[in-house]
Structure formats: C-alpha cells, structure tokens
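*Asks:* The structure follows.
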Amino acid sequence: MTPFGETGRNPPPHMRKASLSSSEKLRLSRLLRHKDLFLFDLDGVLYKGKEVREKIGGTRAVEALRQAEKNLLVLTNNSTDSVETIRRRLSEFDIPVRQEEILSSALLTAEYIKNKHGKVTYFLVGEAGLETEMKKRGHARTEGDDAKFVVVGLDRMLTYAKLDKAARLAAGGAPIIATHAARFYMYGDGPAMATGPVVKALEYAAGAKATIIGKPSPLMFRMALARVRCSPARAVMIGDQVDTDLEGAARAGIESVLVTTGVDRYAEGIALATLSNVDDIADFL
Ligand SMILES: [Mg+2]
C-alpha cells in the first residue's frame, strides 16, 4: 500500500534526468507534430493551489498550438467550479483558452446523464459548480425521494445525513454517477481526500456500483475525443498525475506526457516524455 498522497512513482535521485538528449528531443518532436488534439490537465499543469492559485505555465504552449492549428481541450476532474469560473481564472493568467475548450468532470457528468437518460431529477453530493453544470443541461436537483439518480462530486460540506440519504436512494435503485473517483487532490501544499473514498462508501453502503466519468475512467477521454472527432492515436494527454491523467489516457488508447510541476516526478514506461513545464511543449511543435 502506498501512503496517502503517494503514487509510488517518484524516482530515486540517480534516475532523475535533468533534460532530454538531442535524439530524444527529435523523437518527441516527431511524435507531437503528428498529434491533432492536445489534452491538458488543469491543477498541477496550468496552475496550482486551491485557496490561492499560482500560475505554472500554458500561455506559450497554447499560443504555439494555435499557431500550428492544433485542437486543444482542458480536461479536468475539478467538479467544484463551473467552466465559466475556470475560463475566467485562465484568462487572468493570460492563458487564452475558450470556454468551449474546457471540459470538467462536472460538465461531462451532466452531459453523460443527458445523453443517456435525458433530463433527470437527482440528489446531489457535491458543490455549486456541479449543480450549475447539471442545471445547464436541464437536470433538476431534489432533496426528496423522487431523485432518480445520485450524483457525486467533491463535497467539502459533506455530512452524515447527506451521505446516508444518498446511500438510501442508491440502495433503492437510483444509479450513482460520480464525477471522478480519485483518492486525493492537491490542496494548498499537500494532498487532501477527493471524491473516490466517498464513492466507495456509497457503493459499500448501497451494495451498488457507481458509474465514474472523470480520469482515470476512459469515459472522459472518449467524450473529449468525440467532441473534436479525433482518434486516440492522434491525441496526447499532458498531465502531472500518473494514476489519473496518464493511466486514464492509456486506457483510452491515448499517449501522454508527464510534467513535473504537480503530483508525480516519474512516469518511465507510461509517458512519451517527462517535461519540467507545460510550456516546453511549444519547443516541439
Ligand atoms: Mg493534476
């Protein structure tokens, strides 16, 4: 078992490479120029921090992609902010991403339910950003027994009463749809518990299995590919976390690049390359 917040992917000091060799650079350039769609994780890639956010990079990478006429999408498990909030924040950091290029797990959860079941009534275990995205697609939140679905995202005001109600509804047959099932996310300067453990609690209590939308579920990647009609082979994921970004991409048949500005420092065997900043992508296009 790896300790909380550790994915066991940090290399021993002698294996930390300072930079790519010239033949590795050439190879990466060849691979990236062949890609049509660049998927970016948000936290730990473009910015970091939750209360106070600090820009990591992205301006140069996005401008280079526009120049090269490549598609880009931000693919984030964030389920607490609406896409408008995320776009505003990126624009404050001078990262020129359009609203329709931001796919959050909250937005895709709402869309997934709409595509599969139409407009539904649901019980929410989650925050305002998720409710906003659900509302935009015509879903109606209810506190009552008429909820046909239990929708779960990160909820930092979670109570026993809320969890118990959600479990009762799920035990009664309401499917559990979760924005994602990651164990932790980076909060401030350390890892904090994410949505996954809450989903597990509900599954255990209700004797049911949840549908998971966000990374590392391939569902989120497939919905992103479908948006711009791109094949997995022509897409690449740029992320900071192996067990969500990189493993999720791999499950969807998508190659990836690790950036070392977030959770993990080491992704040998799964990433095409490891870069020290997202903007380094611009050097290979
Ligand atoms: Mg991240």
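The values are calculated or read from the model by the stated rules, or taken from the named source; none is laboratory data. What you see is a predicted model, and the numbers here were worked out from it, not measured in a lab. Note: ideal-geometry Cβ built from the backbone for every residue, glycine included; neighbour counts use all protein chains shown.
*Asks:* Scan segment 36-53 for residues that are at pLDDT below 90 and surrounded by 24 or more Cβ atoms within 10 Å (Cβ to Cβ) and report the count.
*Replies:* The total comes to 0.
*Asks:* Any chance segment 123-132 includes a residue that's of a type in the set (A, V, I, L, M, F, W, C), out of contact with any Asp or Glu (no Cβ under 6 Å at 6 or more places or on another chain) and not assigned by TED's automatic domain parsing to the domain that holds Asp164?
*Replies:* No, segment 123-132 contains no residue that is of a type in the set (A, V, I, L, M, F, W, C), out of contact with any Asp or Glu (no Cβ under 6 Å at 6 or more places or on another chain) and not assigned by TED's automatic domain parsing to the domain that holds Asp164.
*Asks:* Separate question: Name the one entry in Gly118, Gly49 that is on the phi > 0 side of the Ramachandran plot and within 15 Å of the ligand (Cβ to nearest atom). Spell out how you get there, then give the answer.
*Replies:* Values: Gly118 fails: within 15 Å of the ligand (Cβ to nearest atom).
Answer to the check: Gly49.
*Asks:* Test of understanding: among Ala110, Ala68, Ala106, Ala64, which residue is of a type in the set (Gly, Ala, Ser) and free of Cβ contacts under 8 Å to residues at least 60 places away in the same chain?
*Replies:* Numbers: Ala68 fails: free of Cβ contacts under 8 Å to residues at least 60 places away in the same chain; Ala106 fails: free of Cβ contacts under 8 Å to residues at least 60 places away in the same chain; Ala64 fails: free of Cβ contacts under 8 Å to residues at least 60 places away in the same chain.
Just a single option satisfies the conditions, and that option is Ala110.
*Asks:* May I pose another question? Are there any pairs with C-beta distances below 9 angstrom linking a residue in segment 250-267 that is on the phi > 0 side of the Ramachandran plot and in the same structural domain as Asp280 (by TED's automatic domain parsing) to a residue that is modelled with pLDDT of 95 or more and part of a loop (DSSP other than H, G, I, E, B), with the two at least 6 apart or on different chains, and if so which?
*Replies:* Short answer, once both residue conditions are applied: Gly253/Ser231.
*Asks:* In the list Ala201, Ala235, Ala273, Ala210, which residue meets the criterion of being over 21 Å from Leu73 (Cβ atoms), touching a strand residue (DSSP E or B) at 6+ places or on another chain (Cβ under 8 Å) and more than 16 Å from the ligand (Cβ to nearest atom)?
*Replies:* Details: Ala201 fails: touching a strand residue (DSSP E or B) at 6+ places or on another chain (Cβ under 8 Å); Ala235 fails: over 21 Å from Leu73 (Cβ atoms); Ala273 fails: over 21 Å from Leu73 (Cβ atoms).
The conditions single out Ala210.
*Asks:* Another question, if that's okay. Give me a count of the residues in segment 74-114 that are more than 15 Å from the chain's Cα centre (by Cα) and in a loop (DSSP other than H, G, I, E, B).
*Replies:* Total meeting the criteria: 6.
*Asks:* Which residues, taken from segment 19-51, are in a loop (DSSP other than H, G, I, E, B) and out of contact with any Gly (no Cβ under 8 Å at 6 or more places or on another chain)? Let's see the steps before the verdict.
*Replies:* Initially, segment 19-51 is screened for residues in a loop (DSSP other than H, G, I, E, B), giving 19-21, 34-36, 41-42, 44-46, 49-51.
Within segment 19-51, Ser19, Leu20, Ser21, His34, Lys35, Asp36, Leu42 meet the criteria.
*Asks:* For the list (1) within 16 Å of the ligand (Cβ to nearest atom); (2) within 30 Å of Ile281 (Cα to Cα); (3) hydrophobic (A, V, I, L, M, F, W, C); (4) in contact with a strand residue (DSSP E or B) (Cβ under 8 Å, 6 or more places away or on another chain), I need the number of the one condition that Ala182 fails.
*Replies:* The number of the failed condition is (4).
*Asks:* Restricting segment 276-285 to residues that are assigned to a loop (DSSP other than H, G, I, E, B) and away from the ligand (no atom under 15 Å from the Cβ), which is surrounded by the most Cβ atoms within 10 Å (Cβ to Cβ)?
*Replies:* To start, the set of residues in segment 276-285 that are assigned to a loop (DSSP other than H, G, I, E, B) comprises 276-277, 285.
So of that shortlist, the ones also away from the ligand (no atom under 15 Å from the Cβ) come out as 276, 285.
Values: Ser276: 13, Leu285: 15.
Among those that are assigned to a loop (DSSP other than H, G, I, E, B) and away from the ligand (no atom under 15 Å from the Cβ), it is Leu285.
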